[in-house]
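S.K.: Structure below; questions to follow.
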Amino acid sequence: MTPRPDPPLRNPPTQARSRARLRLVLDAADEVLTSEGAEAFSTTRVAEAAGIPVGSIYRFFDDKQSIAEALAVRYWRDFDDLVAGIAEADEREPLADPAGAVLDILASGFRARPGFLALWYGGLRTERVRDSTRHARTAIAASIERILAVHWPQASDHARTTAAAMVVLAGDGLLREAFRRDRDGDSRVLGEGKLMLDAYLDARLEAS
């Protein structure tokens, strides 16, 4: 497995105490986003929520955007783990609707992390933040490729790789629109999205 890259920090923690302090900062950042939203997000507010001097924040981060970047990486690592779990379960017992299962688990992960929704849809998602999470989305594509190998073993590796990348791309747009419309994820968008993904995978992989 390729090691997951860490977000850039001013002083990467090397000792258990420093790692615990970094977790405290990120937990506090998540708490601020969850309870107060992106508009309240600042280094000062995160320090207050963490119960530490603001100078302790700057030991790790340059500014609030750097905190958002690190927090986004943590959220997307969680989503990567969720999809990897679906891939493992699918290899043991094939799912009836693999694309729908992936969309459902990601939607469930979004709902369970209101701090993520506040960050991703509240104005803190910059190109830098998106770039920092690219590795997780690549890992999600790899898990989807494992799923496709179970259901379309006759398809070529190239076809499955291409299809997995397209599922991630289309799924990102579907989830973004579903959660833009409804904080719980618009059920109609998600339902129609499953039909769209199923049709694409059948057309793309059955013919390859």
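The values are calculated or read from the model by the stated rules, or taken from the named source; none is laboratory data. For clarity, every value in this text was computed on a predicted model and none was experimentally measured. We place every Cβ from the backbone using ideal geometry, glycine too, and count neighbours over all the protein chains shown. Surface areas here come from the heavy atoms of the whole protein model, side chains and all, with no ligands, DNA or RNA. Shrake-Rupley method; radii C 1.70, N 1.55, O 1.52, S 1.80 Å.
S.K.: Among 22, 76, 11, whose Cα lies farthest out toward the positive end of the dipole of the chain, if unit charges sit on the beta carbon of Lys, Arg (+1) and Asp, Glu (-1)?
M.R.: Among 22, 76, 11, the one farthest towards the positive end of the dipole of the chain is 11.
S.K.: Quick one: pull the percent of accessible area on the range 1-113 belonging to carbon and sulfur, 1.4 Å probe, ligands and nucleic acids left out.
M.R.: Reported share for carbon and sulfur atoms: 49 percent.
S.K.: Checking understanding here: applying a Kyte-Doolittle mean of at least 0.0 and a length along the axis of at least 15 Å (C-alpha), which whole DSSP H helices in the chain pass?
M.R.: Long hydrophobic helices here: 98-111, 134-151, 157-181.
S.K.: Follow-up. Evaluate the charge dipole of the range 1-88 about its Cα centre and quote only its size in Debye, nearest 20, assuming +1 on the Cβ of each Lys and Arg and -1 on the Cβ of each Asp and Glu.
M.R.: 500
S.K.: Something else about it: Quick one: if the Förster radius is 25 Å, what FRET efficiency do residue 39 and residue 77 give, using the C-beta to C-beta distance and rounding to 0.05?
M.R.: 0.45
S.K.: Another question, if that's okay. Nothing charged except the Cβ atoms of Lys and Arg (+1) and of Asp and Glu (-1): what's the magnitude of the dipole of the chain about its Cα centre? Round to the nearest 20 debye.
M.R.: The calculated dipole for the chain is roughly 840 debye.
S.K.: Further question on the same structure: What full-extension length gain, to one decimal in nm, is calculated for residue 16 and residue 187 as 0.36 nm per residue of separation minus the Cα-Cα distance?
M.R.: Between residue 16 and residue 187, full extension yields an extra 57.3 nm.
S.K.: For the chain, what's the relative contact order in percent, using C-alpha pairs closer than 8 Å and at least 6 residues apart?
M.R.: Relative CO of the chain lands at 22 percent.
S.K.: Once you charge only the Cβ atoms, +1 for Lys and Arg and -1 for Asp and Glu, what is the size of the charge dipole of the range 120-208 about its Cα centre, to the nearest 20 debye?
M.R.: 360
S.K.: Now for a separate question. Accessible area per residue, 1.4 Å probe, Å², for the range 42-158: what's the number?
M.R.: Roughly 42 Å² per residue, with all protein chains present.
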